[in-house]
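**Q** Below: one structure in structure tokens.
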Amino acid sequence: MTVTDDRIRILDVKVLSDDWYVLKKTTFDFRRSDGTWQRQSRETYDRGNGATLLLYNLERGRVILTRQFRLPAHVNGHSGHLIETPAGLLDHDAPEDRVRTEAEEETGYRVRNVHKVFEAYMSPGSVTEKLYFYTAEYDPDDRVTEGGGIPSEGEDIEVLDVPFTEALAMIERGEIVDGKTIMLLQHAALHLFPR
């Protein structure tokens, strides 16, 4: 038995799947606020932590976004073609390094100065992933490739150069439904773009 803090006692951990990522079932005792212990069982999906980046240009009033197919969104009734900020799993890299690599692979823009804005758990009820959120100002001359992702990893990414005001309108119209992207665009509305 492993004790992770004075309110949680891990009793058993079973690996249910170790294919794409790791799905585990954990049985534990949880000490409730009233002091009583309750046996619970939860499944967690561990895919590692990730990083995401909003590329923006204040002078032009634009942002760089991507569009790519996401099977889980498709399974849940969406076309699956989501508009997103570039992002990727850390794969043992530092978040700042990884987000630069992902931005260049997906959008073709070589990113110099990144600014960390916050960290967040995106679905803490079942997914262990923590995302690191960044912003970076870009110049059109920073584009060194066409982007599009890495085909051997199944990526087929469209690069979108969008007016910032249109990106916000796309949230309102339900065209941007990706949580990390909405969070970064709202951050930009509050802190980066003049009102």
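**Q** What nm value, rounded to one decimal, do you get for the distance between Asp34 and Thr165 when each label is placed 7 Å out toward the C-beta?
**A** 5.6 nm
**Q** Helix hunt in the chain: which complete DSSP H runs extend at least 15 Å axially by C-alpha with mean Kyte-Doolittle at least -0.5?
**A** Qualifying helices: 179-191.
**Q** Just need the relative contact order of the chain here, percent rounded to a whole number, with Cα pairs under 8 Å and 6+ apart. If you can, show how the numbers build up before the last one.
**A** Working: 394 pairs, mean separation 40.1, N = 195.
Across the chain, relative contact order equals 21 percent.
**Q** Do any trypsin sites (Lys or Arg not before Pro) in the stretch 26-86 lie in a DSSP loop with no more than 13 other beta carbon atoms within 10 Å, and if so, which?
**A** Arg32, Arg47, Arg60
**Q** Three principal axis extents, largest first, for the C-alpha atoms of the chain, in Å?
**A** 59, 40, 34
**Q** Here's another thing I want to ask about it. How far apart, in nm, are two points set 7 Å out from the Cα along the Cα-to-Cβ line at Arg47 and at Leu16?
**A** For Arg47 paired with Leu16, the spin-label model returns 1.6 nm.
**Q** Run the count for the chain, please: Lys pairs, Cα-Cα under 16 angstrom, 8 or more apart or on different chains.
**A** Working: Lys14/Lys24; Lys14/Lys25; Lys116/Lys130; Lys116/Lys180; Lys130/Lys180.
Counting lysine pairs in the chain gives 5.
Read the figures in this text as sums done on the coordinates, not as results from a lab. Please read these numbers as outputs of a predicted model, since none were measured by experiment. Ideal geometry is used to build each Cβ from the backbone, glycine not excepted, and the neighbour counts take in all protein chains shown.
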